[in-house]
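Trainee: Handing you this structure, nothing more for now.
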Amino acid sequence: NREWHLLSRPVGWPKPEDFALVEAEIRQPREGQVLVRNKYLSVDPYMRGRMSDAKSYVAPFELGKAMQGGAVGEVVASEAEGIAVGDHVLHFGGWREYATFDAQQAVKVDPEAAPLSAYLGVLGMTGLTAYAGLLRTGAFKEGDSVFVSGAAGAVGSQVGQIAKLKGASRVIGSAGSDEKVKLLVEEYGFDAAFNYKSGSVAGQLREAAPDGVDVYFDNVGGDHLEAALGQLNQDGRIAVCGMISVYNNTEPVPGPKNLARLIATRGRIQGFLVSDHYDLQPQFVQEVGPWVASGALKYRETVVEGIENNLEAFLGVLRGDNTGKMIVKL
Ligand code: NDP
């Protein structure tokens, strides 16, 4: 049984020396616990925040202990009522091959209903983030034009497609490569998309959204937020989901220069955390599940194999190696 430990808190981009893959004993479950053999691990941008000890909404990873993260695995021993050997569960004991924990922290999932990895992405945390952030925080309504950054990623690709399926007048996405841009338009049905690395974000957004933006779903921050403010329509809304462009910065970045635009537009900018929106989970599964099953909503996963590649997979998310949800398969 191998597990990843954080050895030191990264400054700037995380370095391999900040981590170690270590051998650890498998602990048998006590009363009320289960032992799970992990099959799929999630790596997510927010984990960068947990590597630092700055005050945040989630506790830092402890140095010298197994890191945590979303995971799906098979129960191999159970001392808990209602969970049997052979069941599959979604839980939080990622970054390791075997996990032992209280059964209350596990949610049973059905491998017949969807591929197991989907419970970490399109039908899981990132899917709900897209759904709640667009519909609740972004207060999306039919006829809105929507701009989403990080649009070829797990959250972003779902934001754009949900907006389309719910009657957006125009959906615009940005991503970091021409292949990703092509995917957005040709496969996910975005009306327009651009590569933020091949020109100014503001200029490219003005061209892609000549009639402005009613909802901007921000995954990136920085230039993207600045540009979206510049194109914001009357009563526009900005849902701040993430700001991946600053996660490895060592100094705070200045805020957008365009904030005054909120006055004339009566615009609103609001951050959100998916953890506050789990009440929407049943509605999300009911509405989005059939779209995924029918292929009306498409998704990709980038799958990296092997626990030894867990760290590289995580760094890959920060670099943009992934298209759709980054998954580690054990
Ligand atoms: P993604 O699958 O979108 O992967 C991250 C992507 O970010 C990369 O693929 C890369 O794509 C892009 N990226 C990296 N650096 C930059 C940069 N400097 N500028 C622009 N794009 C960059 O990850 P998720 O879908 O899991 O997460 C997307 C965002 O949502 C993140 O900001 C994350 O922190 C946030 N989030 C927030 C939650 C909440 O509760 N508020 C919950 C879940 C996620 P590219 O090739 O296009 O650069």
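The values are calculated or read from the model by the stated rules, or taken from the named source; none is laboratory data. Since the model is a prediction, treat every value here as computed from it, not as a measurement. Cβ placement follows ideal geometry from the backbone for every residue including glycine, while neighbour counts extend to all protein chains displayed.
Trainee: Would you mind stating whether V253 is of a type in the set (V, I, T) and surrounded by 17 or more Cβ atoms within 10 Å (Cβ to Cβ)?
Mentor: Criteria not met by V253.
Trainee: Then there's this: Identify, please: which residue in the stretch 39-66 is hydrophobic (A, V, I, L, M, F, W, C), surrounded by fewer than 16 Cβ atoms within 10 Å (Cβ to Cβ) and part of a loop (DSSP other than H, G, I, E, B) and is, among those, modelled with the highest pLDDT?
Mentor: Only one residue fits best here, namely A59.
Trainee: Checking the condition of a type in the set (A, V, I, L, M, F, W, C), free of Cβ contacts under 8 Å to residues at least 40 places away in the same chain and under 20 Å from D144 (Cα atoms), which residue from L225, L205 passes?
Mentor: The match here is L225.
Trainee: List pairs: first in the stretch 252-275 and closer than 23 Å to V58 by Cα, second more than 16 Å from the ligand (Cβ to nearest atom) and assigned to a helix (DSSP H, G or I), Cβ under 8 Å, 6+ apart or cross-chain?
Mentor: Correct list of pairs: I269/L262.
Trainee: Something else: Could you tell me how many of the residues in the stretch 276-298 are loosely packed, with under 13 Cβ neighbours inside 10 Å and over 19 Å from V109 (Cβ atoms)?
Mentor: Total satisfying the criteria: 4.
Trainee: Let me ask another. Return the only residue of S117, S177 being surrounded by fewer than 23 Cβ atoms within 10 Å (Cβ to Cβ), modelled with pLDDT of 95 or more, within 12 Å of the ligand (Cβ to nearest atom) and not aliphatic (A, V, I, L, M).
Mentor: Going through S117, S177 in turn, the sole match is S177.
Trainee: Something else now. Being within 16 Å of the ligand (Cβ to nearest atom) and aliphatic (A, V, I, L, M) is the filter here; which residues of the stretch 312-330 pass it?
Mentor: A313, L315, V317, L318, M326, I327, V328, listed by residue number.
Trainee: When the stretch 14-23 is examined, which residues are found to be exposed (fewer than 14 other Cβ atoms within 10 Å of the Cβ) and either outside the structural domain of G73 (by TED's automatic domain parsing) or in a loop (DSSP other than H, G, I, E, B) (or both)?
Mentor: K15
Trainee: Does the stretch 25-79 hold any residues that are in contact (Cβ under 8 Å) with a residue 24 or more places away in the chain, of a type in the set (G, A, S) and under 21 Å from V274 (Cα atoms), and which are they?
Mentor: Result: S42, G49, S52, G69, G70, A71.
Trainee: Does S177 meet the test of being in the same structural domain as G203 (by TED's automatic domain parsing), more than 16 Å from G138 (Cα to Cα) and in contact with a strand residue (DSSP E or B) (Cβ under 7 Å, 6 or more places away or on another chain)?
Mentor: Here the answer is yes, as S177 does meet what is asked.
Trainee: Shifting gears a bit: Quick check on the stretch 291-311: of everything there that is of a type in the set (D, E) and closer than 21 Å to R37 by Cα, which residue is farthest from the ligand (Cβ to nearest atom)?
Mentor: So, considering only residues that are of a type in the set (D, E) and closer than 21 Å to R37 by Cα, the one farthest from the ligand (Cβ to nearest atom) is E308.
Trainee: Yes or no: the stretch 70-81 includes at least one residue that is within 25 Å of G316 (Cβ to Cβ) and of a type outside the set (A, V, I, L, M, F, W, C).
Mentor: yes
Trainee: Between G199, G212, G189, which is in the same structural domain as G271 (by TED's automatic domain parsing) and under 23 Å from the mean Cα position of the chain (by Cα)?
Mentor: Exactly one of G199, G212, G189 is in the same structural domain as G271 (by TED's automatic domain parsing) and under 23 Å from the mean Cα position of the chain (by Cα), namely G189.
Trainee: Let me ask something additional. Within the stretch 198-283, considering only strands (runs of 3 or more DSSP E) that don't extend past its boundaries, which have at least 3 residues that are within 11 Å of the ligand (Cβ to nearest atom)?
Mentor: So the answer is none; nothing clears 3.
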